[in-house]
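The values are calculated or read from the model by the stated rules, or taken from the named source; none is laboratory data. Remember, it's a predicted structure, so these values are computed and weren't measured experimentally. In this analysis, Cβ positions are derived from the backbone assuming ideal geometry, glycine residues included, and neighbour counts consider all displayed protein chains.
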Amino acid sequence: MADLPNLTDLPNTVDLPNLSGILTVEEWLATGRAIAAMQEPTGALPWFPGGQTDPWDHIESAMALSATGLIAEAEAAYDWSRRMQREDGSWPIRLVVGEVTDANTDSNFCAYIAVGVWHHYLITGDVRFLEKMWPMVSSAIDLVAQFQAPGGEFYWGATYPLPAQTGAHEGMYHTALITGNASIHQALGCAILIGNELGRPVDDWESALLALGHALRSHPELFEPKPEYSMDWYYPVLGGAVRGRAGQELIAARWHDFVVTDLGIRCVDHRPWVTGAETCELVLALDALGDTADATLLLGDMQHLRDPDGSYWTGLVFADGKRWPVEKSCWTSAAVVLAADALSRTTAGNGIFRDAHQVEALIEAAGQTGCGCATA
């Protein structure tokens, strides 16, 4: 990639954060540069240099590049996604230095492109970028829509390529996961916003979003729970399906199972292991609920994972004080940037998670409903 700008080289249009006591402007930008330093010449953003690239974490890392003013690097990442998209609208689950190591399809991984593209547009206001990315986004979301089951939930994945008769969900893994579906909820909302901005029809996506939101709130029996993982706990809030008092109660119910004082949150409830990305995602979820005090405290607590070069270690086994895995992951650094942006209200994209409930609310206000059952 090209040489990265110094702080004094950044244009005046780049917003800079003010998160006193947690991250300085210089530290914020150093983390952005650390992410960009891991970017491959193709534009791919792997977990760490020489490691795997997956379509979801790649996009989260691209979002952090946008948020730190590294626009060219972010757009190189989106161009990589555009080039690597397959004819059916999907991406492989995993690549390593350009080689596909898992060719199958993950519906959530494919949907997340809409979140990244909308986020980049919010920051740059570049309509040409949005128009350029529209064929990729629409193809991906149309593909993801095929994974929606009759109850509104989305099956998590499928073999590649899908059989021609996808209406019967052939080739799909008939399991719906809470975390992935909550993320798809946000992605559908962003895809709808992109379509509206460009004047493209999105009625089918609106119906899919309503059905999914209702399923996440009212039909837990449709999903295979993984209660030991913190992501299953907070993601319905993060993705916008559950907010308000219901969201506060959801977070309060398992706070003490996952939150470790002064360190962050556990990835798995029964293991002495805190992880930076999950902590920052909970920060974003708390911010979306208006709990900025706890969110700010947690973001400060996880700074023990920061490396002097601006990157972040993935996690810490606090029982023995060892970092594990022994890697500084691109997506952990990205989660820090996005959480800091949200709390500091810095870039024009700082509300991408806070506002994740709004599209569904607007559709419902227009009189559409997501389910014909008696459950509210």
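Structure notes:
- Residue count for the stretch 268-312, restricted to those that are on the phi > 0 side of the Ramachandran plot and hydrophobic (A, V, I, L, M, F, W, C): 0
Residue-wise test of (1) of a type in the set (S, T, N, Q); (2) in a helix (DSSP H, G or I); (3) under 18 Å from the mean Cα position of the chain (by Cα); (4) surrounded by 22 or more Cβ atoms within 10 Å (Cβ to Cβ).
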site: TRP47; (1), (2), (3), (4): no, no, yes, yes
site: ASP57; (1), (2), (3), (4): no, yes, yes, yes
site: GLU60; (1), (2), (3), (4): no, yes, yes, yes
site: ALA64; (1), (2), (3), (4): no, yes, yes, yes
site: GLU73; (1), (2), (3), (4): no, yes, no, yes
site: ALA77; (1), (2), (3), (4): no, yes, yes, yes
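- Residue within the stretch 250-263 that is in contact with a helix residue (DSSP H, G or I) (Cβ under 9 Å, 6 or more places away or on another chain), assigned to a helix (DSSP H, G or I) and under 21 Å from GLU360 (Cβ atoms) present: yes
- Long-range neighbours under 7 Å by Cβ, at least six apart or interchain, first residue touching a residue at least 60 places away in the same chain (Cβ under 8 Å) within the stretch 76-91, second buried (at least 21 other Cβ atoms within 10 Å of the Cβ) and not in a loop (DSSP other than H, G, I, E, B): ASP88/LEU143; SER90/THR105; SER90/CYS110; SER90/LEU143
- For the residues HIS214, HIS120, the requirement of being under 20 Å from SER61 (Cα atoms) and not in a loop (DSSP other than H, G, I, E, B) singles out HIS120.
- Filtered residues of the stretch 34-51 (kept if in contact with a strand residue (DSSP E or B) (Cβ under 7 Å, 6 or more places away or on another chain) and either at pLDDT below 95 or over 11 Å from GLU327 (Cβ atoms) (or both)): ALA44, LEU45
- Put simply, of THR332, THR347 the only residue that is out of contact with any Lys or Arg (no Cβ under 6 Å at 6 or more places or on another chain) and either surrounded by fewer than 23 Cβ atoms within 10 Å (Cβ to Cβ) or assigned to a loop (DSSP other than H, G, I, E, B) (or both) is THR347.
- Enumeration of residues in the stretch 79-107 that are closer than 10 Å to ALA140 by Cα and either small (Gly, Ala, Ser) or crowded, with 20+ Cβ neighbours inside 10 Å (or both): GLN85, GLY89, SER90, TRP91, SER107
- The set of residues in the stretch 327-347 that are over 23 Å from ASP54 (Cα atoms) and in contact with a Phe, Trp or Tyr (Cβ under 8 Å, 6 or more places away or on another chain) comprises ALA340, ALA342.
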